[in-house]
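First comes the structure, then the notes that go with it.
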Amino acid sequence: MEKQQLATLLLRIMLGASFLIHGLSKFQGGVGNTAAWFDSIGLPGGLAYVVAIIEVLGGILMILGIATRYVAIAFVAIMLGAIFSVKAANGFLGNDQGAGYELELVLAVMAIYFVLAPFNVYSFTRKKA
């Protein structure tokens, strides 16, 4: 296994697992609670369901290497939405009002890598030679 391919595989699995776990936590805590919180900050509550579903299904697809670019684009959109609608006011590291946006930025940059990177030999969507 080539080092670059292994590194890309590990990065893809970690990104997918992070989104999968965050999505599952929304369902375990009750997506209705997340929807109510979205409403409280001026976002449509129904968007919480969309985000949770994308996180769970996208996380699974990312881990498996299926539709990686499309999933990565959705992940970038979710993270940019989180940064600009909630986290930006708190700064990079956060403040007394809440957590910063460093995690969301790291996840967005990881996802951008998969938007731009060539297909990995260890994914279902790799290009055939």
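For the range 80-129 and the range 1-72, write down the distance between their C-alpha centroids in whole Å.
Here the two parts' Cα centres lie 11 Å apart.
Could you check the spin-label model distance between Glu102 and Trp37? Points 7 Å from the Cα along Cα→Cβ, value in nm.
2.0
Can you give the Rg/Rh ratio of the range 1-106, where Rg is from the C-alpha atoms and Rh is the Kirkwood radius?
Rg/Rh: 1.02.
Note the angle between two axes, namely the Cα long axis of helix 3-28 and the longest principal axis of the Cα atoms of the chain, as a number of degrees from 0 to 90, rounded to the nearest 10.
The angle comes out near 30 degrees.
Placing unit charges on C-beta atoms (Lys and Arg positive, Asp and Glu negative, everything else neutral), compute the dipole magnitude of the range 26-129 about its Cα centre in debye, rounded to 20.
600
Residue by residue, what Karplus-based ³J(HN,Hα) values in Hz, rounded to whole numbers, does the range 39-50 have, using 6.51, -1.76 and 1.60 with θ = phi - 60° and x for Gly and Pro?
Karplus values, whole Hz, x for Gly and Pro: 4, 5, 9, x, 9, x, x, x, 4, 4, 5, 4.
In Å, what Rg and Dmax follow from the Cα atoms of the range 50-129?
14.5, 54
Of the options Ala82, Val71, Ala36, report the single residue whose Cα projects farthest towards the positive end of the charge dipole of the chain (beta-carbon charges: Lys, Arg +1; Asp, Glu -1).
Checked the options; the winner is Val71.
Normalised by the number of residues in the chain, what is the relative contact order in percent for Cα pairs under 8 Å and 6+ residues apart?
Here the relative contact order equals 26 percent.
Per-residue HN-Hα couplings for the range 81-96, Karplus 6.51 cos²θ - 1.76 cosθ + 1.60 at θ = phi - 60°, whole Hz, x for Gly and Pro?
My calculation for the range 81-96 gives x, 5, 5, 7, 9, 10, 8, 4, 5, 8, x, 4, 9, x, 8, 5 Hz in order.
FYI, it's all coordinate maths here, none of it is from the lab. The structure presented is a predicted model; accordingly, all values stated were derived computationally and were not measured. No Cβ is skipped: glycine too gets one built from the backbone with ideal geometry, and neighbour counts run over all protein chains shown.
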